Amino acid sequence: MLETALNATKNDKCISNINDLPIGVFDSGVGGLTVVREIMQQLPNESILYFGDTLRCPYGPRPLDEIKTFARQISHWLLKQDVKLIVIACNSATAAALETIQQELIVPVIGVVAPGARAAVKATLTNRVGVIGTEATVNSDIYSKAIRALQENITVFSEATPSFVDIVEQGLHNSEVIDDLKDRTSSAHISSSRLEIARTYLSPFKSLDVDTLVLGCTHFPLLIPLIAQVMGADVKIISSAEETARDVASVLAYREQLASGVKEPKHRYVTTALNTDEFAEIGSAILEKNIPEVQSVSLDELGAGSLAKERFE
Ligand code: DGL
């Protein structure tokens, strides 16, 4: 009897505070901050708890089962921090683990592939769509399936472009890359070696005459000037960030869990990287706002817990 009453009090307390809880967002590194940027723009009252698994980045070359394990560890860790919704801001982790995590957690879980596929279907006029992503995402064929489930007569060409992930994550150690990230609209800082990599990856798509190119990796929106320079102005470049943020907004609105706006949003940044200062520097460049503090979480803290069904308790 007492136990029931205590639980009821606990649950009531949770329910009354739920709108103020943060949205949990994670990626293998800093790429998911491109999704955070969009969420902050569309939902400025929301608090964000961002998790970048930099120590284990890149995810792309790993087997899907391993990526699934990492994604489950992070989601369960985020749930323990009391988040009201989780965004898997990583295409590779979405391909490997979205359904499993949705089944395991009691909060809504949103991936980035369905929103990206939707945006591509809206954009293409010729029904010839290119997708670039990590090896894990491309080999899973998740984009072709998602796009063709929406419109069967679209031809999808996919190619893994893993060096693009390296270029972004190297920004952690390379001030020239950080300059590029700060100056997203300009191609002024694009080095010839990066241009060469982009040409090698992207010329096949030009020959295939696609009119739309999906950035099937959340790191890639940081390289839009580079990618656009090679693809030319006629090809629409699609990032799933905007569409994903829209999904977050509609799910929270439907659940009546949007932040009230009475309290200032509080953002928290967490990484498995050993050097949190580097993460803060590149993160600040991506979000165009100062990240004053980044907290480090060890793999032990992350992985040791049980992966049984979790609750707000
Ligand atoms: N940002 C991740 C994605 O969207 C991948 C980067 C990686 O290989 O870790 O797939």
Pick from 111, 232, 29: which residue has the top mean-square fluctuation in a GNM of the chain where Cα pairs under 10 Å get a spring?
232
Using alpha carbon coordinates only, what is the Rg to Rh ratio of the range 225-271, with Rh defined as the Kirkwood radius?
1.20
Using a Gaussian network model of the chain whose springs link C-alpha atoms within less than 10 Å, name the residue from 76, 219, 267 with the highest mean-square fluctuation.
267
Under the definition of Cα pairs under 8 Å and six or more residues apart, what whole-number percent is the relative contact order of the chain?
27
Counting Lys and Arg as +1 and Asp and Glu as -1 over every other residue whose Cβ sits under 13 Å from the Cβ of residue 84, the net charge comes to -3
Run lengths n ≥ 4 of DSSP H only: what is the helix-derived mean residue ellipticity at 222 nm for the chain, with -39500 (n - 2.57) per run over all residues, to the nearest 500?
-15000 deg cm²/dmol
Under a 5 Å amide H to amide H cut-off, with H placed in plane at 1.01 Å, what residues pair with residue 48 once short-range neighbours are removed?
23, 266, 267, 268
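Fully extended, how many nm does the chain gain between residue 159 and residue 106 (0.36 nm per residue separation, minus their Cα-Cα distance)? Write out the running numbers ahead of the final one.
Working: separation 53, 0.36 × 53 = 19.08 nm, distance 3.48 nm.
Extra length from residue 159 to residue 106 when fully extended: 15.6 nm.
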With r as the distance between the Cβ atoms of residue 125 and residue 298 and R0 = 41 Å, compute the FRET efficiency 1/(1 + (r/R0)^6) and round to 0.05.
0.25
Residue-wise HN-Hα coupling along the range 218-230, computed from phi with Karplus coefficients 6.51, -1.76, 1.60 (Hz; x: Gly, Pro)
6, 6, 6, x, 6, 10, 4, x, 5, 5, 5, 4, 7
Bin width 10 Å, origin at 0, all Cα-Cα pairs of the chain: what percent of pairs per bin?
6, 28, 35, 22, 7, 2, 0, 0
Relative to the longest principal Cα axis of the chain, at what angle does helix 91-104 sit, 0 to 90 degrees, rounded to 10?
20
Residue of 266, 68, 236 that the Gaussian network model of the chain assigns the largest fluctuation, springs spanning Cα pairs under 10 Å:
266
Mind checking the dipole of the chain: about its Cα centre, +1 per Lys or Arg Cβ, -1 per Asp or Glu Cβ, Debye to the nearest 20?
660
Run the count for the chain, please: Lys pairs, Cα-Cα under 17 angstrom, 8 or more apart or on different chains.
14
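None of the figures in this text is laboratory data; all of them are computed from the coordinates on show. Computed from a predicted model, the values in this text were never measured in an experiment. Backbone-built Cβ (ideal geometry, glycine too); neighbour counts: all protein chains shown.
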